Amino acid sequence: MLNVALPKGRLGEKVYDLFEKAGFGCPSIKENNRKLVFENEETGVRYFWVKPSDVAIYVERGAADVGVAGKDILLEYRPDVYELLDLKIGNCHMAVAAKAGFKDERKRALKVATKFTNIAKGYYAERGRDIDIIHLNGSIELAPILGLSDVIVDIVETGATLRENKLEVVEKFVPISARLIANKANFKFKGQIVERLKQELAALTEKEI
Ligand code: PRP
């Protein structure tokens, strides 16, 4: 059995459709229930839905052989896994954003609100800018609106959340997309099936460009 951690939610459904086209279908996954584990003995695959930010943990520790995680999570947590393929879905950018018209006067540490503290620290360290990091777990856009922070470092996809909250992009600095990742130790004895999955997915993602 190939154990696959899928990110729960909209991206996960797209990812599952790709895996199905790649020959790793599991029809029971389409049942609308609260089950978290689905398997198909015929195709030799077992899927589990996990919180997107947890996929890399399941894979790093070998509870899943492979999984699909956003490049944002891989950059933030640097899990010790193989990054096998860019699936070219879930495309967005990591960006700095602020209230429209914001100028950094550099008179004091810049207050930066984010879920991605390591990425934000790296970004500002490269620019030699002192920051005061404020770690939040969601609705990051609220921080500059309420004066909790000067800027945010967050994911921008369509830009709608920023626009609707009168914020604007200061700089887009890293393109993000979904990546196929694999556990290093499990790869040694499941390498063949993982390679087959990777080849099939690669053929599909090339086709879909
Ligand atoms: C993400 C991100 C932005 C939004 C960007 O939030 O943090 O808020 O999507 O997308 P857009 O540019 O298309 O508007 P998510 O939905 O993951 O929820 P969160 O607020 O809990 O982080």
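Read the figures in this text as sums done on the coordinates, not as results from a lab. Worth saying up front: this structure is predicted, and the values here are computed from it rather than measured. No Cβ is skipped: glycine too gets one built from the backbone with ideal geometry, and neighbour counts run over all protein chains shown.
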(request) Pop a pseudo-label 7 angstrom from the Cα along the beta-carbon direction at both LEU75 and LYS184 and give the gap in nm to one decimal. (result) 2.3
(message) For the chain, what does the helix formula give at 222 nm: sum of -39500 (n - 2.57) over DSSP H segments with n ≥ 4, over the residue count, nearest 500 deg cm²/dmol?
(response) -9500 deg cm²/dmol
(request) Please turn the phi angles of the stretch 55-71 into ³J(HN,Hα) values with the Karplus equation 6.51 cos²θ - 1.76 cosθ + 1.60 (θ = phi - 60°), one per residue in order, whole Hz, x for glycine and proline. (result) 3, 5, 5, 4, 6, 4, 8, x, 5, 10, 6, 9, x, 10, 10, x, 4
(message) Rounded, prolate or oblate for the stretch 94-181? Axes are the square roots of the Cα gyration tensor eigenvalues, ordered a ≥ b ≥ c, and the cut-off for rounded is a/c under 1.5.
(response) oblate
(request) Grab the other residues whose beta carbon is less than 15 angstrom from that of VAL151, score K and R as +1, D and E as -1, and report the net. (result) +3
(request) May I ask which residue of SER139, CYS92, TYR123 lies farthest towards the positive end of the charge dipole of the stretch 50-209, with charges of +1 (Lys, Arg) and -1 (Asp, Glu) on Cβ and the Cα centre as origin? (result) TYR123
(message) Please state the shape class of the stretch 1-159: rounded when a/c is under 1.5, otherwise prolate if a/b exceeds b/c and oblate if not, all from the C-alpha gyration tensor.
(response) prolate
(message) Could you check the spin-label model distance between MET1 and ASN137? Points 7 Å from the Cα along Cα→Cβ, value in nm.
(response) 3.0
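Report the net charge of residues surrounding ASP65, where surrounding means a beta-carbon distance below 10 angstrom and charges are Lys +1, Arg +1, Asp -1, Glu -1.
With Lys, Arg at +1 and Asp, Glu at -1, the net is +2.
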(message) Number of Lys pairs in the stretch 89-171 with C-alpha atoms less than 14 angstrom apart, excluding same-chain neighbours closer than eight positions?
(response) 4
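Could you calculate the contour length gain from ILE145 to SER177, that is, 0.36 nm times the residue separation minus the distance between their Cα atoms, to one decimal place in nm?
Additional length available on full extension: 8.7 nm.
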(request) Please figure out what share of the DSSP beta bridges in the chain is antiparallel and state it in percent, rounded to the nearest 5. (result) 65
(request) Give the residues of the stretch 161-193 whose amide nitrogen is closer than 18 Å to a point set 7 Å from the Cα of ARG127 in the direction of its Cβ. (result) 167-176
(request) At 0.36 nm per residue, minus the direct Cα-Cα distance, what do LEU36 and GLU195 gain on full extension? Give it in nm, one decimal, please. (result) 54.7 nm
(request) Note down the nm distance, to one decimal, between modelled labels 7 Å out along Cα→Cβ at ASN91 and at ALA203. (result) 2.3
(request) Quote to one decimal, in nm, the extra length available between LYS8 and GLU164 on full extension: 0.36 nm per residue of separation minus the C-alpha distance between them. (result) 53.6 nm
(request) With only Lys, Arg, Asp and Glu charged, each at its Cβ (+1 for the first two, -1 for the last two), find how big the charge dipole of the chain is about the Cα centre; round to the nearest 20 debye. (result) 380
(request) Please list the non-local residues whose amide H lies under 5 Å from the amide H of PHE173, H modeled 1.01 Å from N, same-chain partners needing a gap of 5 or more. (result) MET94, ALA95, VAL96
